[in-house]
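Each remark here refers to the structure printed beneath this line.
The values are calculated or read from the model by the stated rules, or taken from the named source; none is laboratory data. Quantities reported herein were computed from a predicted structural model and do not represent experimental measurements. Cβ atoms come from the backbone with ideal geometry, glycine included; neighbour counts cover every protein chain shown.
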Amino acid sequence: MDVYKAVRSRRAVRAFTDEPVSREVMERVLSAAAWAPSGSNIQPWHVYVLTGGPLVELKRRAGERVAAGDPGDEREYEMYPPALKSPYHERRAAFGKQRYGALGISREDQEARRRIAAANWNFFGAPAGLFCYIDRDLGLPQWADVGEYLQTVMLLLRAEGLHSCLQIGWSVYRRTVAEVLSPPDELILYSGMSIGFEDVSVREDHTGRAPLDETVMFVDSLVARLPEGENPKWQSDHT
Ligand SMILES: Cc1cc2nc3c(=O)[nH]c(=O)nc-3n(C[C@H](O)[C@H](O)[C@H](O)COP(=O)(O)O)c2cc1C
């Protein structure tokens, strides 16, 4: 699959069929994803892939907590700053409006929102789940490395005809995930991921993106960026 097509066809899919994802495909994807870059090639990702009985057991345990209204475990990192400033606040609000609005759920209807969010802990029906941990001693650049790795996984899944949804939501019930996976204490759960074939009978609107000039600046004219009257050194060197 062409890289542009893989990038544009990747979406957070939140409805999967129960068609299994083979171990062979997952090994191919994760072997290729291992070539994702990382600072000094330290490869800070620790990955667990769940299918079959362990996945069912995790969903059962998490489902019990959700049904009991359990608010989740104490956080090891904040998902967002407490006051999300502009323009991120507006973008987040637009996402919520689109996602819940399409389902006819208002901003005030927190109960309905919770019900929809609960599908996270059922892996949206996906037959495979992935968890990515990072060593708690590592810093921000290594967390970014993990993001690069996970995007590589998601693009490779597209090349296999599979879809995914990255789910930071799993960190809410990280202790339940740990009961099933038994990760070493030095690891922090960054995110889960649902993996499978899309249930095309359940379609969600695609998210949009900010216009390019809101997030990207092309800096190709040094003269234009200097205070008036100030010549760049390279110009005087060559005239
Ligand atoms: C780090 C990260 C965590 C996410 N966590 C969740 C999650 O817990 N549940 C969920 O439904 N979507 C989650 N998403 C999906 C985002 O909402 C989605 O990527 C975003 O709205 C853009 O839409 P798109 O992926 O369909 O292009 C997550 C995405 C990222 C990158």
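Here Asp145 qualifies as more than 19 Å from Arg75 (Cα to Cα), away from the ligand (no atom under 12 Å from the Cβ) and modelled with pLDDT of 95 or more. Assessment of the stretch 124-134 against the conditions (touching a helix residue (DSSP H, G or I) at 6+ places or on another chain (Cβ under 8 Å) and farther than 25 Å from Thr207 by Cα) yields at least one matching residue.
Considered as a group, the residues in the stretch 71-95 that are surrounded by 13 or more Cβ atoms within 10 Å (Cβ to Cβ) and among the small types (Gly, Ala, Ser) include one that is nearest to Ala178 (Cα to Cα), and that residue is Gly72. Among the residues making up the stretch 85-110, those that are free of Cβ contacts under 8 Å to residues at least 12 places away in the same chain and more than 13 Å from the ligand (Cβ to nearest atom) are Lys85, Ser86, His89, Glu90, Gly101, Gly104, Ile105, Ser106, Arg107, Glu108, Asp109, Gln110. Give me the residue from the stretch 182-211 that is of a type in the set (A, V, I, L, M) and under 23 Å from Gly125 (Cα atoms) and, out of that set, farthest from the ligand (Cβ to nearest atom). Among residues in the stretch 182-211 that are of a type in the set (A, V, I, L, M) and under 23 Å from Gly125 (Cα atoms), the one farthest from the ligand (Cβ to nearest atom) is Val200. Could you tell me which of the residues Asp220, Asp185 is farther than 30 Å from Asp18 by Cα, outside any helix (DSSP H, G or I) and at pLDDT 95 or above? Only one candidate passes the filter, namely Asp185.
Scanning the stretch 111-143 for residues that are assigned to a helix (DSSP H, G or I) and either of a type in the set (Ser, Thr, Tyr) or exposed (fewer than 11 other Cβ atoms within 10 Å of the Cβ) (or both) yields Glu111, Leu140. Farther than 28 Å from Arg92 by Cα and either within 19 Å of the chain's Cα centre (by Cα) or surrounded by fewer than 14 Cβ atoms within 10 Å (Cβ to Cβ) (or both): does that describe Val223? When the stated conditions are applied, Val223 passes them.
Taking the stretch 148-162 as the range and being near the ligand (Cβ under 10 Å from one of its atoms) and either surrounded by fewer than 22 Cβ atoms within 10 Å (Cβ to Cβ) or assigned to a strand (DSSP E or B) (or both) as the test, the residues that pass are Leu150, Gln151.
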